[in-house]
Every structure is written in structure tokens, then in C-alpha cells.
Amino acid sequence: MSVQCLACGKNYSENDILDYHIKNSYPGKSRAALKELIYATEGDKNRTLRATQCSKCSKWELAPTYR
């Protein structure tokens, strides 16, 4: 999954998003465990993207990109 901030255009990988949530909400969890938790409890990765702040412009406008 590729992700881009709609406000400033910065690109993120799925691992960047997982690392953000590990650092801010789930310290000590592995990427695989967090990914399983996110998809099992939320069922929708777009909800997780909306809960991720851009590190460049600090806006909350991340969305998946389809190339």
C-alpha cells in the first residue's frame, strides 16, 4: 500500500504508517502484530490512515494512492 498526504504530497509506505502508530500508540508491538490488530479491530485501513498525521505538514489528510 502506498499512501500520500493530500495536503502536501509527501509519500509514505505501509511500514511508515505502522511505525507511526507503534511509536505513538502501541509501543513495543511488532509491525506484523499491529497490522493484524488494525485489520481485525477496525476492518478498514482507511480509518487508520485518517488517524495518521503527516510528518511534513502536520495535517491529517493521508489517503491511499493507486498507481
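The values are calculated or read from the model by the stated rules, or taken from the named source; none is laboratory data. Just so you know, these numbers come straight off a predicted model, no measurement behind them. Neighbour counts are summed over all protein chains in view; Cβ atoms, including those assigned to glycine, are modelled from backbone coordinates with ideal geometry. Heads up: the accessible areas ignore ligands, DNA and RNA and are worked out on the full protein's heavy atoms, side chains in. Shrake-Rupley method; radii C 1.70, N 1.55, O 1.52, S 1.80 Å.
Of note:
- Of the options (i) 14.7, 42; (ii) 13.5, 44; (iii) 11.4, 33, only one is Rg and Dmax of the Cα atoms in Å as computed from these coordinates, and that is (iii).
- For segment 2-67, the solvent-accessible area with a 1.4 angstrom probe is 65 square angstrom per residue.
- In sequence order, calculated HN-Hα J values of segment 5-14 (Karplus, 6.51, -1.76, 1.60; Hz; x Gly/Pro): 6, 6, 7, 10, x, 5, 9, 9, 9, 4
- Shown in residue order for segment 46-63 are the 3J(HN,Hα) couplings computed by the Karplus curve 6.51 cos²θ - 1.76 cosθ + 1.60 at θ = phi - 60°: 5, 5, 5, 5, 5, 9, 10, 8, 5, 6, 8, 10, 6, 8, 10, 10, 7, 8 Hz (x for Gly and Pro).
- Checking every one of the chymotrypsin sites (Phe, Trp or Tyr not before Pro) in the chain against DSSP loop status and a limit of 15 other Cβ atoms within 10 Å picks out TRP60, TYR66.
- Considering only HIS21, SER58, ALA33, and ranking their Cα positions along the charge dipole of the chain that arises from unit charges at the beta-carbon of Lys, Arg, Asp and Glu, the one farthest toward the positive end is SER58.
- Carbon plus sulfur fraction of accessible area for the chain, probe 1.4 Å, in percent: 46 percent
- Loop GluC sites (Glu not before Pro), the chain, which have at most 13 other Cβ atoms in a 10 Å radius of their Cβ (DSSP): GLU42
- Segment CYS8-GLU36, extension gain: residue separation times 0.36 nm, minus the distance between their alpha carbons: 7.2 nm
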